[in-house]
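Trainee: I have a structure here, written as structure tokens, and I will follow up with some questions on it.
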Amino acid sequence: MSLAPFPVITALFMAVFLAALEQLSSRRRILDILSLLTALAVAAVDFLLLDGSLSGTDVYWFGDWTPMGRFPAGIAFVIDPASAGLALLSALLTVAALLFSWHHFHAVRTYYHTLMLLFLASLQGFALTGDLFNMFVFFELMGVAAYALTGYKIEESGPLEGALNFAVMNSVAGFMVLLGIALLYAETGGLNLAWAGAVLSGKPPGPAVSAAFILLAIGFLTKGAVLPFHFWLPDAHSVAPTPASVLFSGIMVQLGLYAVARIYWVVFSATLDAEALRGIFLGIGVATALTGGVMACLQRHLKRLLAYSTVSHSGLMLAGIALLDPRALGGTLLYIVGHGCVKGALFIATGVLVYHHRSVDEKHLRGRCRRLRWTGVLFCLAGLALSGLPPFGTWAGKGIIEETASQLGYHFLPPLLSVCAALSAGAVLRAAGGIFFGLGHPDVITSTAPATGEEAPETDHSRGPTPRIMLVPLVLLLLASLAVGALLRVQQVAELAAARFVDRTGYHALVLEGRRTPVHQPAPPARPGMAPALAATIAALAVAAFFLAPGPLQGRTREGVKALLSGPVALLRRLHSGYIGDYVTWFVCGTGILMVLAQLCF
Amino acid sequence: MTILPYLVVIELLLVGLYGIAGSRNTIHLVSCLFVAQSSTYLLLLSIGYVQGGTAPITDEIPGNARMVDPVVQALTLTDIVVGATVSALLLAFALQRYKLTGTMDPRREPPQRG
């Protein structure tokens, strides 16, 4: 019997079961323990699936509806190392988030645990499925669980605002996905990814095919928070409960990019013009990474800062995918795992600050957290890891992406990506320096930032020591990220996963005919270089020093800098206006431009 | 095969998005969202439509009869369920927001800028 459906089924069943415990008195710890056990069980199954998929990709047909002839009438889960690995990452991040919520909530409602498990189930299903419509259903389930989690603190207007923006933008994205699915179904007559790919392969790309790809890509890139579809992300991630933000930034956004990559390689890679696509996606990716990095530097609301950092890293990952190269894809997968752990750790560290001071405002917290020494050290370490300090997973992933980019002739890409990583990591380090060490002064740039700093009764206000159980997931996540970078085995698995990922004919043969084809084993992994990564880390420290140390932002030159920067800063802030109407306008403009580009280039 | 349904699909989508972009009332905004969503129903149904086809209930019609594609109808049904869930959630948010801030206008509240 195959284990493939169990992650989704277990999580869904337990979500409903926990909802039924509503009537129980003194149920808090029961819910905590049960949901934690469920997430651990899901993680264990995912690990077994990943281990099994290394020797050969596994296909599971629901209800034993195997293909008739070659036509897939049923719905398939396709377990290859990439999908199982991302499912494992989502389960582990859920474990960390649930561990953290042990002390995080003052009083928790039952539906918090139900929603977290529902979200886990949808993440699992989205990663594992090999069927387009199934993907859409899990996309929407993920969305609904995430909107409800975002609006969890329903007594405040901030979370409601964020949840509304999030829900409207992602619903519109869902329409795009569905329109794309409809067009693709009209072209190919099937909803299975492998079938659609097999029908399309070798055909010249008609307008309907390229429109279908662009619609699907726009839908999933909105989830992936890529310019100009990223506006909802900071609004939502900054107001969601901290454990939910761990999952949003650590895996949900990345799964959007994963879906684009999956659909491209399985369905469209033999049809569309790779050169044109590479140009378009590289451009969007770099623009996103830069915008996110700059916006992160302009924030004083810590969770908002981290959210913009996620936007920036999402752009970096899209650039990694856009190289359309197996080695770069392996690097991107590695980066997704390394970044997910680091970003989860940063959100949890922010949650510890909320636990003690009920505030996430950098200005308000400046110098007040000197006694939280361990949290401070871990926060700084995570900030350094975010810039790609060896041997964290972010170093290995980014290094591989950059080296492949140079080999492919994109010599401008490595320094650019390093600058982007340094910008948001520098912002994190600046915040850490101010909050834990009392460095720096109020500066001209962040003082105009939104400062909704009060985090009302999500948690207890405490002056005691940090509960151990809050620091456990923080340390574990950092260790995990360290292991991802330091262990050669992980890089091997990532490169194997990428080789299997881009093998479209092998995927088609396996899903449609059940025939295994030998995969060309990738060469033994070459470790990325240390020097460029260290340069990025030094650049991040320089960014932090620019804000904290006596320099152009303080003293006599202050007014000059203010006059110079206030224009562009105000413009950037005005673009991220917080109004749904503006976001939709940007969305429509982006869609129109991409559609026109696709019709001209493909 | 007529082009009319596809034109209506594009029209519904654009009208819905236009409505969201300029909306000054959250309930109106949610309604516009579902005007846009109805374009997806129409596209799915018109893709599966067969001229002169009957409903795809295979028990009651002869085996060689022309019938419309049942797959897209299943997709549309699923889509409607998803739409109902999301609209219920969104309307609940809108109502709660009205209770808190006393306004339905998404542009009234000073938003988080930047």
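Trainee: Could you identify the single residue in A:Ser269, A:Ser312 that is more than 27 Å from A:Leu200 (Cα to Cα) and out of contact with any Phe, Trp or Tyr (no Cβ under 7 Å at 6 or more places or on another chain)? If you could, list the steps in order and put the result at the bottom.
Mentor: Working: A:Ser269 fails: more than 27 Å from A:Leu200 (Cα to Cα).
After ruling out the rest, the residue left standing is A:Ser312.
Trainee: Restricting attention to the stretch B:7-30, and to residues there that are of a type in the set (Val, Ile, Thr) and under 19 Å from B:Met104 (Cβ atoms), which single residue is nearest to the other protein chains (Cβ to nearest Cβ)? Explain how you work it out, then say what you get.
Mentor: Keep residues of the stretch B:7-30 that are of a type in the set (Val, Ile, Thr), which gives B:8-10, B:15, B:20, B:26-27, B:30.
Of the ones still in play, those that are also under 19 Å from B:Met104 (Cβ atoms) are B:20, B:26-27, B:30.
Numbers: B:Ile20: 5, B:Thr26: 7, B:Ile27: 12, B:Val30: 8 Å.
Going through the qualifying residues, I end up with B:Ile20.
Trainee: State yes or no: is A:Phe547 modelled with pLDDT under 90, surrounded by 17 or more Cβ atoms within 10 Å (Cβ to Cβ) and more than 30 Å from A:Leu429 (Cβ to Cβ)? Break it down into steps so the answer makes sense when it comes.
Mentor: Values: modelled with pLDDT under 90: yes; surrounded by 17 or more Cβ atoms within 10 Å (Cβ to Cβ): yes; more than 30 Å from A:Leu429 (Cβ to Cβ): no.
Against the criterion (modelled with pLDDT under 90, surrounded by 17 or more Cβ atoms within 10 Å (Cβ to Cβ) and more than 30 Å from A:Leu429 (Cβ to Cβ)), A:Phe547 does not qualify.
Trainee: Which numbered condition in (1) under 18 Å from the mean Cα position of the chain (by Cα); (2) assigned to a loop (DSSP other than H, G, I, E, B) is the only one that A:Phe139 fails?
Mentor: A:Phe139 satisfies all of (1) under 18 Å from the mean Cα position of the chain (by Cα); (2) assigned to a loop (DSSP other than H, G, I, E, B) except (2).
Trainee: Could I ask something else about it? The conditions are (1) within 16 Å of A:Phe213 (Cβ to Cβ); (2) assigned to a helix (DSSP H, G or I), and A:Phe248 fails exactly one of them. Which is it?
Mentor: Going through the list (1) within 16 Å of A:Phe213 (Cβ to Cβ); (2) assigned to a helix (DSSP H, G or I), A:Phe248 breaks only (1).
Trainee: OK, next. I'm trying to understand the selection: among the residues of the stretch A:533-591, which are at positive phi and either among the hydrophobic types (A, V, I, L, M, F, W, C) or in contact with a Pro (Cβ under 9 Å, 6 or more places away or on another chain) (or both)?
Mentor: A:Gly578
Trainee: Test each condition in (1) within 14 Å of another protein chain (Cβ to nearest Cβ); (2) surrounded by 15 or more Cβ atoms within 10 Å (Cβ to Cβ); (3) closer than 25 Å to A:Leu416 by Cα for A:Ser577 and report the one that comes out false.
Mentor: Every condition holds for A:Ser577 apart from (3).
Trainee: Still on this structure: Picking from A:Arg262, A:Arg300, A:Arg278, A:Arg327, which residue would you name as being among the basic types (Lys, Arg), closer than 30 Å to A:Lys153 by Cβ and touching a residue at least 40 places away in the same chain (Cβ under 8 Å)? Please lay out each step first, then the result.
Mentor: Values: A:Arg262 fails: closer than 30 Å to A:Lys153 by Cβ; A:Arg278 fails: closer than 30 Å to A:Lys153 by Cβ; A:Arg327 fails: closer than 30 Å to A:Lys153 by Cβ.
Answer to the check: A:Arg300.
Trainee: Considering only residues of the stretch A:504-537 that are closer than 26 Å to A:Leu487 by Cα and part of a helix (DSSP H, G or I), which is farthest from the chain's Cα centre (by Cα)?
Mentor: A:Ala531
Trainee: From A:Ala97, A:Ala15, grab the single residue that is in contact with a Gly (Cβ under 8 Å, 6 or more places away or on another chain), crowded, with 16+ Cβ neighbours inside 10 Å and part of a helix (DSSP H, G or I). Give the steps one after another, and end with the answer.
Mentor: Details: A:Ala15 fails: in contact with a Gly (Cβ under 8 Å, 6 or more places away or on another chain).
Among A:Ala97, A:Ala15, only A:Ala97 is in contact with a Gly (Cβ under 8 Å, 6 or more places away or on another chain), crowded, with 16+ Cβ neighbours inside 10 Å and part of a helix (DSSP H, G or I).
Trainee: Could you list, in sequence order, all residues of the stretch A:153-168 that are surrounded by 23 or more Cβ atoms within 10 Å (Cβ to Cβ) and out of contact with any Leu (no Cβ under 9 Å at 6 or more places or on another chain)? Let's see the steps before the verdict.
Mentor: Step one: of the stretch A:153-168, the residues surrounded by 23 or more Cβ atoms within 10 Å (Cβ to Cβ) are A:159-168.
A:Pro159, A:Glu161, A:Gly162, A:Asn165 - these are the residues of the stretch A:153-168 that are surrounded by 23 or more Cβ atoms within 10 Å (Cβ to Cβ) and out of contact with any Leu (no Cβ under 9 Å at 6 or more places or on another chain).
Trainee: Please work out which residue is surrounded by the most Cβ atoms within 10 Å (Cβ to Cβ), limiting yourself to the stretch A:230-245 and to residues that are assigned to a helix (DSSP H, G or I) and within 13 Å of chain B (Cβ to nearest Cβ).
Mentor: So in the stretch A:230-245, the residues assigned to a helix (DSSP H, G or I) come out as A:232-237, A:242-245.
When the remaining residues are screened for being within 13 Å of chain B (Cβ to nearest Cβ), the result is A:232-237.
On the way: A:Trp232: 26, A:Leu233: 29, A:Pro234: 31, A:Asp235: 27, A:Ala236: 29, A:His237: 27.
The selected residue is A:Pro234.
Trainee: Quickly run through the stretch B:69-93 and pick out the residues that are more than 7 Å from chain A (Cβ to nearest Cβ), over 16 Å from B:Leu42 (Cα atoms) and crowded, with 16+ Cβ neighbours inside 10 Å.
Mentor: Once the filter is applied, which keeps residues that are more than 7 Å from chain A (Cβ to nearest Cβ), over 16 Å from B:Leu42 (Cα atoms) and crowded, with 16+ Cβ neighbours inside 10 Å, the stretch B:69-93 yields only B:Ser87.
Trainee: From the list A:Thr585, A:Thr591, which one is within 23 Å of the chain's Cα centre (by Cα), among the β-branched types (Val, Ile, Thr), part of a helix (DSSP H, G or I) and facing another protein chain (nearest Cβ under 10 Å)? Quick ask: steps written out before the conclusion?
Mentor: Working: A:Thr585 fails: within 23 Å of the chain's Cα centre (by Cα).
When all the criteria are applied, what remains is A:Thr591.
Trainee: Tell me which of these A:Leu324 doesn't satisfy, since it passes every other one: (1) part of a helix (DSSP H, G or I); (2) aliphatic (A, V, I, L, M); (3) surrounded by fewer than 24 Cβ atoms within 10 Å (Cβ to Cβ).
Mentor: (1)
Trainee: Can you work out which of the residues in the stretch A:21-60 that are modelled with pLDDT under 85 and part of a loop (DSSP other than H, G, I, E, B) is nearest to A:Thr517 (Cα to Cα)?
Mentor: Taking the candidates together, the pick is A:Arg27.
Trainee: Look at A:Thr557 and say whether it is in contact with a Ser or Thr (Cβ under 8 Å, 6 or more places away or on another chain) and modelled with pLDDT under 80.
Mentor: Working: in contact with a Ser or Thr (Cβ under 8 Å, 6 or more places away or on another chain): no; modelled with pLDDT under 80: yes.
No.
Trainee: Only one of A:Gly367, A:Gly383, A:Gly376, A:Gly393 is under 29 Å from A:Gly279 (Cα atoms), in contact (Cβ under 8 Å) with a residue 24 or more places away in the chain and either surrounded by 24 or more Cβ atoms within 10 Å (Cβ to Cβ) or of a type outside the set (S, T, N, Q) (or both); which? Outline the logic, then answer.
Mentor: Values: A:Gly367 fails: under 29 Å from A:Gly279 (Cα atoms); A:Gly383 fails: under 29 Å from A:Gly279 (Cα atoms); A:Gly376 fails: under 29 Å from A:Gly279 (Cα atoms).
Only one candidate passes the filter, namely A:Gly393.
Trainee: Regarding A:Leu88, is this residue of a type in the set (A, V, I, L, M, F, W, C) and under 18 Å from A:Ala15 (Cβ atoms)? If you could, list the steps in order and put the result at the bottom.
Mentor: Numbers: of a type in the set (A, V, I, L, M, F, W, C): yes; under 18 Å from A:Ala15 (Cβ atoms): no.
Judged against the criteria, A:Leu88 is not a match.
Trainee: Just for helices (runs of 4 or more DSSP H) wholly inside the stretch A:350-411: which have at least 3 residues that are closer than 16 Å to A:Val337 by Cα and at pLDDT 85 or above?
Mentor: Details: elements: A:362-365, A:373-386, A:393-407.
Counting at least 3 such residues, we get A:373-386, A:393-407.
Trainee: Which of the residues that make up the stretch B:31-56 are more than 8 Å from chain A (Cβ to nearest Cβ), within 12 Å of the chain's Cα centre (by Cα) and β-branched (Val, Ile, Thr)? Please lay out each step first, then the result.
Mentor: The first filter runs over the stretch B:31-56 and keeps only residues more than 8 Å from chain A (Cβ to nearest Cβ), leaving B:31-32, B:34-35, B:38, B:41-42, B:45-46, B:48-56.
Checking the rest, the ones that are also within 12 Å of the chain's Cα centre (by Cα) come to B:31-32, B:34-35, B:38, B:41-42.
Correct list: B:Val35 only.
The values are calculated or read from the model by the stated rules, or taken from the named source; none is laboratory data. As the structure is a computational prediction, the values presented were derived from the model and not from experiment. Every residue, glycine among them, receives a Cβ derived from its backbone with ideal geometry; neighbour counts consider all protein chains shown.
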